[in-house]
Structure formats: C-alpha cells, structure tokens
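The values are calculated or read from the model by the stated rules, or taken from the named source; none is laboratory data. Keep in mind that this is a model prediction, so the values were computed, not measured. Neighbour counts are summed over all protein chains in view; Cβ atoms, including those assigned to glycine, are modelled from backbone coordinates with ideal geometry. Areas reflect the complete protein model, heavy atoms only, side chains present, ligands, DNA and RNA absent. Shrake-Rupley method; radii C 1.70, N 1.55, O 1.52, S 1.80 Å.
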Amino acid sequence: MPNRSLLLKILSAVILFGAWEIAGRVPVSFAFPTFLESMAALVRMTADGTIFTAYAETLKPLIVGVAISTVLGIAIGLWVGLSQFFDWLFSPIFIVMQAAPLAALIPLLVLAYGIGLTSKVLVVCIMAMPVIVLNTSSAVRNTPESMKEMGRAFLASDTAIVLKIIIPAASPVIFAGLRLGISAGFIGAILSELKITPTGVGDIITYSRSIADYPSMYAAIFSIILLAVLFLNLLEKIEVVLFKGNQRGYVSD
Amino acid sequence: MVMSQTKAAFGQAEPADYESAVSARNISKNYGAVEALRDLSLEFPRGQLTSLLGPSGCGKTTLLKIIAGLLQPSAGEVEVNGHTVTGPGPDRAFVFQDFALLPWATVMRNVAFGLEMRGVAKSEREGIAAKYIAEVGLSGFEHSYPHELSGGMRQRVGLARALSVDAQVLLMDEPFSAVDEQTRRKFQEDLLALVQHENKTFIFVTHSIEEAVYVSDQIAILLPRPSRVSEIIRPSSFRSKGVDNIRRDPEYLDIVDQIWASLRSYVE
Ligand SMILES: Nc1ncnc2c1ncn2[C@@H]1O[C@H](COP(=O)(O)OP(=O)(O)OP(=O)(O)O)[C@@H](O)[C@H]1O
Ligand SMILES: [Mg+2]
C-alpha cells in the first residue's frame, strides 16, 4: 500500500510539472517561465548559496511564528474547549482574526511594532493561530461523552481525563488544524516579506521580478512550496508515531 | 425505605436473610421532559447476582449509571456498603453497553486502564491485565487495537477491564450482548462460578429472559418508562443442581414462562 501511494504522488507531480513545462513553452505569458528554466535557476541559486542566505532570513519569523502558534494555539484551544468561560472570552477574537483581511492589518502592525522581526512573527501567527485554536477547541468539545464517562468510572482524575482521553481523542482534528495552520504560516512568512520589508525569499521574488528574471522568481516560489510540502509530510509522520491506533476509522459495531 | 411495590413482590422470598451491598432508595431520574425512572427502590444482596430485565429504553442503563455515580438522580439516593454514593468509587466497576474503549490504545492498555488510573505500576498492572485478557479468551491480541477486533472481542476487552480492578460491586450493562452463542454460554457458566467463588455483588442488565434466569439469584423486572420495579423473582431450587442441569429444570422453565407472561403485555 505505501508503495502505491508513493507512486501516485510521483505521478501527480509528473503531471503537474509536465503541465507547467507545456504552459511555459506555449507560452501562457511572457512572464511565465518553463519548469526546466525555473529548475535551472533553482540549481544556480543553490550552487552560489543565495537560496541559503535567503532562507536564513525567512525561516526566522517562520519558525518562531509557527512554534508560538502551535504551542499557544493548542493550549488556548484546549482551554477554550474545556471551559465555557474561555470560549466566551477568546472564540470571537480568533474568529475575527481568521476572517480579517491580513493585508489591511499589516500597516497597523508596522505602525505598532516597526518593520523588524516582531511584525513578521505576528503576521505568521495571525495566519497560523486561528485555525489551530478553532480546530483544537471544537475537537475537545466533541470528545465522545462515553469515553469521558468511562474515564470517570475508572477513577481518572480531571487531569488524567484531559491527558489520557481528551487530547488523544482530539488529536486527529488537532493535527488537521496544525496542517492548515502551518501552511497558512508559510503564506504569512512570504506575505510579510513582500509587504513589510523585502528580505529573504521575499526579497528574491521582489528583486528578480523587478529585473524581469522570471525563472529565479518562480524558483523561489517553488522552493517555498517544496519546503511546506516536506514539512507537512514530517508532521504526518509525527502524528503516526504519536497516535498509532487513531489512523484507521473506528466503528463501534 | 422499601416501597410497597417491592414489599408485595418480596412476598415470594424472605428478604430478611440477605444483607444488602447496594440499596437504591426512591430513585427518580428525569432527562429534561423525559421521565426515565420514577420512585424506584431495589435492594441488591451482597455476594449475589441481580438481573435487571425490562423493555428497551426503560431506564436500566440509567439506573446502573446512577449506582456507579456517573449520573446524579433527580431524587432519591443510592447506598453502597452503607455509604451514600456521591460519585464513582473504587468499590464499583462498570462494563459499558457501548464498550467505551480507547481506539488509540492497545487491548493491553485498554484493559489496564483502570489499574493505571489507580496508580498501579506498569509491570504489575500488565501482569494483572494479561491474566484477565486470557480469562476472556483474548490471549494473543494484547497488542491489537480495537479497530482490529470484532464487536464481540471488543466487548470482552471491556469485560476484562472491569474485572481487572477487583471491585466489590460489578455493574454490567448487557455484557454478553455482542458475543457469539457458544462464548455467551461459556461466559454465563464462568459468571456463575465467579459469583459462587468470590464474594462480589453483581448487577447485570440483559435482554434475554433465559440468560437472566440462568445466571441470577434475583431478577428485577422493570416497567416501561417511567420505570419502577414491577416484580422481583428469586429462583431458589435449581441453583444447587449443577450448571449442566439448570436448563432442564422445571422451575427454570416455569420462571422463564412466568417472566415472559408478565413482559408480553408491554410488547403488545
Ligand atoms: N442523556 C440522555 N438525555 C436524554 N434522555 C436520555 C438520556 N439517556 C437516556 N435517556 C432516555 O432515558 C430512557 C432510558 O434510557 P436507558 O438508556 O437507561 O434505557 P435502557 O433501559 O438501558 O435501554 P436499552 O435496553 O435499550 O439499553 C430512554 O427513553 C432514553 O430516551
Ligand atoms: Mg441500556
């Protein structure tokens, strides 16, 4: 089975890149390079180290922001899911955050926190955190009553019920939220580099566009997507290791 | 105090001979507008098995959960060994009608869950759990997950979990409903042996009249919602005649008929 799913992944990648190559050769637009040109640019940037210095910049707000969103997002989500009061207090904030047009908020952030790392981290958090919080809290709220009841019947303390029943039961939905949140965090990191100050990968995109070096621009975009996909795969592996039995559906009769 | 409904029914037995391990007194339970139990009183003699028999939805699970301390009654109180129940306690263990297993935990961890919550060390609790896993016939499945088991096997995991905590009172909500007929008969015999050899009190919910008569020292028949005890039957003579002869015993057959006669009016 895993072999077959790997095969399907490779197949869909080949189709996608093939379509890209053809669209580039037609060409769809003079600003749209072929797949091979973009890859050549990526190899060149890797060889001369540009891409590494760029990522050294981009990864800073990304990693800090994603880490904060994961830890804080899950913690707040648990709280909100467990207590009516916190639900009332926090839920509206995250619903507004998720709906807010981020581009409109960036000037406000810059005004308040300047153009440094803080603003960029905040952009990543605003993108990543709401979906993590909202998924976690709804998963916690939807823990099957019968499992919690079983816990109480066998004398589990409140803490044990949270740690040994609610969190594992909620984990598939929490991880789904993490996947969505982290993808949004990647978008946030690039967005902040495009809208606040051009640094890192955002700088490559902005600069190569201004000098019409489209292959480099697409190479940079491709690299960030690749990184995101790799990261999400890693997350999936972590989930499998942590919660083995949750993988397959559980039918009770 | 014992209500007139049970007094009348106790007429056929001598209640004074038995000390109660569990007493339910004037229990009422409403779920919003639904009245599940109304003024139900019942004594559960120590060291014996009491069956609750009644139509679906009449409140058997509700009564069991009130005794377990998982639900608060709207009125009335439950005493276990002379103490009023305010919540779950180490003196009671529950076998759930819907099994309530943890899907991410292996059979071993599920069975050992109660011991884990009681703070028993890992190696010790796994030893105890392994014993009960073997007892319910699941040896070799210790490291399987619930989704890899059949319905009947899952039910046995729930049974082993309740047995492993060694509680004085076992609350069993249709514990054999999903196992096959052969296993069911074996479990019924095992249960009889358990009742005989251990001084535990069993409260047993079932839909099967034959099963109730076969395993019980006392059978309480519940009326449909709002539920109260309509009749208490104490099979007396055939228990001592040996496991193999019970199903042929005239008294056994009479009681089965008698219960069916009182229940059929609710089916029609
Ligand atoms: N959580 C609940 N909320 C509202 N009503 C409930 C709830 N639990 C049970 N009831 C109602 O209480 C009544 C008794 O339910 P209960 O589960 O105790 O029945 P039961 O005798 O165990 O039935 P069965 O034999 O089918 O398991 C039912 O009519 C049901 O509709
Ligand atoms: Mg029931």
Q: Choose one of B:Pro73, B:Phe202, B:Ala130: the residue whose Cα lies farthest towards the positive end of the charge dipole of chain B (beta-carbon charges +1 Lys, Arg; -1 Asp, Glu; about the Cα centre).
A: B:Pro73
Q.
What value in Å³ per residue do you get for the convex hull of the alpha-carbon atoms in region B:117-259?
A. 145 Å³
Q: Please list the non-local residues whose amide H lies under 5 Å from the amide H of B:Val95, H modeled 1.01 Å from N, same-chain partners needing a gap of 5 or more.
A: B:Leu171, B:Met172, B:Asp173
Q. Under 5 Å between amide H atoms, partner at least 5 residues away or on a different chain: which partners does B:Leu37 have, H built in plane at 1.01 Å?
A. B:Lys29, B:Ser227
Q) Per residue of B:90-102, what is the mean number of Cβ atoms on other protein chains within 10 angstrom of that residue's Cβ? A) 4
Q: Provide Rg over Rh for region B:52-185; use the alpha carbon set for both Rg and the Kirkwood Rh (inverse mean inverse pair distance).
A: 0.98
Q.
Considering the Cα positions of chain B, please state its Rg to one decimal place and its Dmax as a whole number of Å.
A. 18.3, 55
Q.
I need to check one value: relative contact order of chain B, counting alpha carbon pairs closer than 8 Å and at least 6 residues apart, in percent.
A. 26 percent
Q. Relative to the longest principal Cα axis of chain A, at what angle does helix A:35-47 sit, 0 to 90 degrees, rounded to 10?
A. 90 degrees
Q | Reachable aspartates and glutamates from A:Lys9, criterion Cα separation under 20 angstrom, eight or more residues apart if same chain | A | A:Glu21, A:Glu236, A:Glu239
Q.
Given the DSSP H assignment, sum -39500 (n - 2.57) over each helix run of at least 4 residues in chain A and divide by its residue total; what's the result at 222 nm in deg cm²/dmol, nearest 500?
A. -27500 deg cm²/dmol
Q) Which whole-Hz couplings ³J(HN,Hα) result when phi for each residue of region A:129-146 is put into the Karplus expression 6.51 cos²θ - 1.76 cosθ + 1.60, θ = phi - 60°, listed in order with x for Gly and Pro? A) 5, x, 5, 5, 4, 5, 5, 4, 5, 6, 5, 5, 5, 8, 4, x, 4, 5
Q) Sequence-distant or interchain residues sharing an amide H contact under 5 Å with B:Ala21, placed H: which? A) B:Phe44, B:Arg46
Q) Which lysines, on any chain, are close to B:Lys122 with Cα under 23 Å apart, when same-chain ones fewer than 8 places away are left out? A) A:Lys148, A:Lys164, A:Lys244, B:Lys131
Q: May I ask you to give the percent of accessible area on the protein assembly as shown that is carbon plus sulfur, with a probe radius of 1.4 Å?
A: 62 percent
Q: Could you run the numbers on buried accessible area between A and B, total for both chains, 1.4 angstrom probe, in Å² to the nearest 100?
A: 2400 Å²
Q | Heavy-atom accessible area per residue - chain B, 1.4 Å, Å² | A | 41 Å²
Q: Add +1 for every Lys or Arg and -1 for every Asp or Glu among the other residues with Cβ under 15 Å from the Cβ of A:Leu42, and state the total.
A: -3
Q. By how many degrees, 0 to 90 and rounded to 10, does the Cα axis of helix A:50-82 deviate from the longest principal axis of chain A?
A. 20 degrees
Q) Helix-derived [θ] at 222 nm for chain B: sum -39500 (n - 2.57) over DSSP H runs of at least 4, divide by residue count, nearest 500? A) -10500 deg cm²/dmol
**Q.** Zero-based 20 Å bins, Cα pair distances in the protein assembly as shown, whole percents
**A.** 18, 38, 23, 16, 4, 0
Q. Per residue, how much space in cubic angstrom lies within the convex hull of the C-alpha atoms of region B:98-166?
A. 76 Å³
Q. When the Kirkwood hydrodynamic radius is evaluated over all pairs of different C-alpha atoms of chain A, what value in angstrom, to one decimal, is obtained?
A. 20.6 Å
